[in-house]
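Notes follow once the structure below has been shown.
The values are calculated or read from the model by the stated rules, or taken from the named source; none is laboratory data. Just so you know, these numbers come straight off a predicted model, no measurement behind them. Methodologically, a virtual Cβ is constructed for each residue, glycine included, from the backbone with ideal geometry; neighbour enumeration extends over all protein chains shown.
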Amino acid sequence: MKLEVKGLPDQQPIPEIFAFGVFNEADHMSFGRNRNPELVWSDVPEDTRSFAVVMFDEDVPSVADDVNQEDKTIPKDLERVDFFHWLLVDIPPNINQIAEGTDSDGVIPKGKPVARDSIGKPGVNTFTHFLAGNPDMAGTYTGYDGPCPPWNDERVHRYHFEVYALDVASLELSDGFEGDAVREAMKGHVLDSARVSGTYTLNPELR
């Protein structure tokens with residue numbers, strides 16, 4: 001398979017238009033346009049019955065105590081975990097494109113509704129957990145929400161857009177599913193996949 005993320009050459013910085021958070025000199029970070037990028041995939045296996053889209057950040061600090069704290073930094077060598085930014089499953093096999101801005105177009109405080117028009121079934125991204133303690137933002141975040149790494153992190157974050165061709169029409173996931181459930185459900189059903197990666201940072205010393 002081949003995957004193209006329009007506006008993002010592989011291994012290059014992710015444009016701010018696709019980010020949840022953008023650099024702000026006065027306050028470190030402000031909300032970005034948070035538009036999902038356009039994805040186009042090709043060279044699909046003949047027996048494909050559905051597609052799944054996964055986007056994740058592999059560089060999220062495993063300990064969040066110092067995240068976005070003044071006069072503190074998150075060391076580059078701190079253990080990291082995955083943070084899921086986009087989960088979309090049960091995409092019909094006759095679809096090979098997601099247009100820019102159709103799954104997200106702006107930051108929506110408290111998250112987008114779970115039940116909404118979509119080319120597939122949206123999952124719950126990790127912002128749901130990250131923002132749970134913020135009374136102005138807490139809610140269920142589904143579908144796409146873009147990069148927003150800690151502004152005091154010494155590491156440039158790496159983000160991966162992935163499309164999977166599957167041999168089943170549905171992963172049979174219940175509403176509210178998350179990234180680990182997608183990965184588990186896809187085991188034994190992946191015919192092929194493709195990935196495009198990008199980088200992003202809000203640390204002014206790394207920009």
*Identify, from the list Asp71, Asp153, the residue that is surrounded by 18 or more Cβ atoms within 10 Å (Cβ to Cβ) and among the charged types (D, E, K, R).*
Asp153
*Just one of Trp41, Trp86 is in a strand (DSSP E or B) and either more than 22 Å from Glu184 (Cβ to Cβ) or free of Cβ contacts under 8 Å to residues at least 12 places away in the same chain (or both); which is it?*
Trp41
*asked:* Looking only at residues that are of a type in the set (Gly, Ala, Ser) and at pLDDT 95 or above in the stretch 1-36, which one is farthest from the chain's Cα centre (by Cα)?
replied: Ser30
*asked:* Just to verify a result, which residue in the stretch 117-141, among those that are touching a residue at least 12 places away in the same chain (Cβ under 8 Å) and out of contact with any Leu (no Cβ under 8 Å at 6 or more places or on another chain), is surrounded by the most Cβ atoms within 10 Å (Cβ to Cβ)?
replied: Phe127
*Give the stretch 156-190 a look and list any residue that's charged (D, E, K, R) and either closer than 17 Å to Lys121 by Cα or surrounded by 15 or more Cβ atoms within 10 Å (Cβ to Cβ) (or both), or say none.*
Arg158, Glu162, Asp167, Glu172, Asp175, Glu178, Asp180, Arg183, Glu184
*Going through the stretch 60-79 one residue at a time, which ones are under 22 Å from Phe177 (Cα atoms) and either part of a strand (DSSP E or B) or among the aliphatic types (A, V, I, L, M) (or both)?*
Val60
_Given the options Ala165, Ala169, Ala181, Ala185, name the one that is closer than 23 Å to Met1 by Cβ, assigned to a helix (DSSP H, G or I) and in contact with an Asp or Glu (Cβ under 9 Å, 6 or more places away or on another chain)._
Ala185
*For the stretch 123-140, what are the residues that are in contact with a His (Cβ under 9 Å, 6 or more places away or on another chain) and either hydroxyl-bearing (Ser, Thr, Tyr) or outside any loop (DSSP other than H, G, I, E, B) (or both)?*
Thr126, Phe127
